[in-house]
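Scroll down for the structure; my scribbles are underneath it.
FYI, it's all coordinate maths here, none of it is from the lab. Computed from a predicted model, the values in this text were never measured in an experiment. For neighbour counting, all protein chains shown are included, and Cβ atoms are generated from backbone atoms with ideal geometry for every residue, glycine included.
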C-alpha cells in the first residue's frame, strides 16, 4: 500500500520535520553512511539502527555529491531537524537560499509505504529484538527498492514553463523515516499563513509499521540543471507503486523463512501464521481528539479557529494528556499493546 501527500514550500519546515521525526532528538551517527562503522558480527548495531534513535531519518543511499550540493547537505551525516526544516521549505540547508531560480509551490511529496497489519504484529511480538530488526530490515529493503523504482519513473526534469520544452532524465532524492505506531491524525490550519498541517495526536496508538519517504520536488540532470519532478506519473501510477512494494516485501519475508499469502481484498501480502482475529484486535481506535482539543481551548479562553498552529499543537498535547489520565490509559504504547493482545498470542518466527 502506498499513499502520498504534498508538502508546501510555504510551510513552517520545523513543524513538518517534527512530525516526521516524531519529536526525537538529532541522531548521533548514521552507520549506513560510514564504511568504517559497519554492523558488528552479532547484529547489535543493526538492531540499534532499526529499533533505536540511530534510525530516526536517513537520506537515500547512493545520493550523489552533485545532489547533496544542490540541497546544501552533508550526505554522510544523518539529517538533523534543522536540515529537514530547510529543505521542506524548498531551501538549501546551509545557506537557506532556494534550490534554483524556478518558483516551487510544492517542496516535497510524502510517499508512505505500509505493510499488512500481520507484518507489523510479527515485528512487535517477535521473540527477540534481533528478530524484530530483521523484519524491519526486510521492510526497509522493500521500501528502498520501491523508491528506486519511483525515482526512475519520476526522475524527469521538466524543461520550460509547465514542461512545454520536454523533460530530461536526472537524479532525485528523498529522506526516509520509520514509524512503528499509527495514531489518530488531525488537520491543523494556521490562520496566519493559511497553511494546513497534519499532526499525530499524542494519545495511545495502534501498532502500525510504516515508512514515510519525503521525495523532494527537484531533479538534477548530469549537466547540473535543476528541474521539478514529473508528478503526473505519481498520480497515475500510485497503485502500481504500491503493488510493486507488496511484491518486494513478500520476497524479503520469504527470504526470512516467513510463509506469506496474498489478500486480494486488501491488496496486501499477509503473514500466514497470524490469525485474522489477532490482526482485528489491533484495528484502529476511535478518536475524538479534535473535539477534545477544541473544547480544551475554549475552556481556557482561546479561539481555536484563529490560534497559531504551534499553539494548537500544545492544546492537542494537553487535551490528550487529560484524556489519558481520565481513562487511565498506559503512557507506553508497547505496554498497552501487550495488555490488549489476545490470550495465548504466540508469534514465534524461528529466524
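Miscellaneous remarks
- Neighbour counts of other Cβ atoms within 10 Å put 269, 70, 21 in the fewest-to-most order 70, 21, 269.
- Distance between the 7 Å Cα→Cβ label points at residue 266 and residue 14: 4.0 nm.
- Taking 7 Å steps out from each Cα toward its Cβ at residue 66 and residue 96 produces label points 3.0 nm apart.
- In terms of packing, defined here as the mean over residues of other Cβ atoms within 10 angstrom, the peptides 116-128, 294-306 line up highest first as 116-128, 294-306.
- Here the calculated FRET efficiency for residue 251 and residue 74, from their Cβ-Cβ distance with R0 = 22 Å, stands at 0.10, rounded to the nearest 0.05.
- Order of 91, 101, 232 under a 10 Å beta carbon neighbour criterion, fewest first: 101, 232, 91
- The modelled label-to-label distance for the pair residue 168/residue 306, using points 7 Å beyond Cα in the direction of Cβ, is 5.1 nm.
- Ellipsoid semi-axes in whole angstrom, largest first, where each is sqrt(5λ) of the Cα gyration tensor of region 79-184: 34, 18, 12
- Estimated FRET transfer efficiency when R0 is 30 angstrom, pair residue 106-residue 26 (beta carbons, to 0.05): 0.70
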